[in-house]
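First comes the structure, then the notes that go with it.
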Amino acid sequence: MTPDREREALLEGGAREGGLEELEERLEYRFQERGLLLQALSHRSFANEHQEEMLDNEVLEFLGDAVLGLVVSEMLYRRHPNLTEGQMSKLKALLVSAGMLARKAEEIDLGSYLLLGKGEEKTAGRGKDSLLANALEAVIAVLYLDGGMPVVTGFLDRMLLPQLSAAIQREPTLQDFKSLLQEKLQAVGRPLPVYRVIGENGPDHEKVFLVELVVDEERLADGEGKTKKAAEQAAAEVALADLHG
């Protein structure tokens, strides 16, 4: 029996009845090379207790972490281009955190599909946040290897977009005021806002930008910040408050 067939037999007969087909349904993807998925599910403790040529998921975790970071960064850039770099960094840190990944792994019951060594089984390894987060990164890696970036992007969109929206609504400092203002103006038939830098203060390493916000040649608000984007966000926030008021 090949290492991959041995792993699949162990998974179907022990770790999870239903095995790989059931997990593929949860991932909404059918693998061309199932051996990759089996490797993603194989913890080091399991590989150590079996054949030497049996690969574990640690290297896949490394690749999955990189793919996850890239896709989430692009998601933020495309969906919220008006956010500052600091705001994007804060959101990205939340979305790729071990805690977030562990919760998402629990939602697809990933722990019950893992192949673990006897020691990990005895210490309830299937419920450990670190192990679940690492396993999900490995799954992200094999989705990329087997299906390419569009498959990974679709999977992460389904998995993380609700959390992204919730985080922005929950935390005022992450609000994309420029996008909100644009939507508000479009809803009432007004032109899109124009942002103009009207001043810079301070030395180069501590510069503060002053921006005015103009709509149809009417100056609606001013804002300041350490970057032009931050100043624009501040001006948009003031204009939104005035419009709502």
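Brief remarks on what is shown
- First in segment 203-216 and more than 30 Å from residue 186 (Cβ to Cβ), second anywhere and in a strand (DSSP E or B) and open to solvent by less than 60 Å² (accessible area, probe 1.4 Å), Cβ under 9 Å, 6 or more apart: 208/199; 208/225
- Of 26, 30, all but one fail to be open to solvent by 60 Å² or more (accessible area, probe 1.4 Å), more than 30 Å from residue 177 (Cβ to Cβ) and not in a helix (DSSP H, G or I); the exception is 30.
- When segment 210-245 is filtered for residues that are touching an Asp or Glu at 6+ places or on another chain (Cβ under 6 Å) and assigned to a strand (DSSP E or B), the ones remaining, listed by number, are 210, 211, 212, 219, 222.
- Within segment 185-209, considering residues that are part of a strand (DSSP E or B) and of a type outside the set (D, E, K, R), the one surrounded by the most Cβ atoms within 10 Å (Cβ to Cβ): 209
- Within segment 95-111, restricting attention to residues that are part of a helix (DSSP H, G or I) and buried (at least 18 other Cβ atoms within 10 Å of the Cβ), the residue that is farthest from the chain's Cα centre (by Cα) is 111.
- Matching entry among 190, 170 (being of a type in the set (D, E, K, R) and within 21 Å of residue 95 (Cβ to Cβ)): 170
- Taken together, the residues in segment 103-125 that are modelled with pLDDT under 90 and either out of contact with any Leu (no Cβ under 6 Å at 6 or more places or on another chain) or among the basic types (Lys, Arg) (or both) amount to 10.
- When the criteria are applied in full, residue 230 meets the requirement of being open to solvent by less than 60 Å² (accessible area, probe 1.4 Å), modelled with pLDDT under 90 and under 30 Å from the mean Cα position of the chain (by Cα).
The values are calculated or read from the model by the stated rules, or taken from the named source; none is laboratory data. Keep in mind it's a predicted model, so treat the numbers as computed, not measured. Cβ: placed from backbone, ideal geometry, glycine included. Neighbour counts: every protein chain shown. Note: accessible area is taken over every heavy atom of the protein model, side chains too, but ligands, DNA and RNA are not part of it. Shrake-Rupley method; radii C 1.70, N 1.55, O 1.52, S 1.80 Å.
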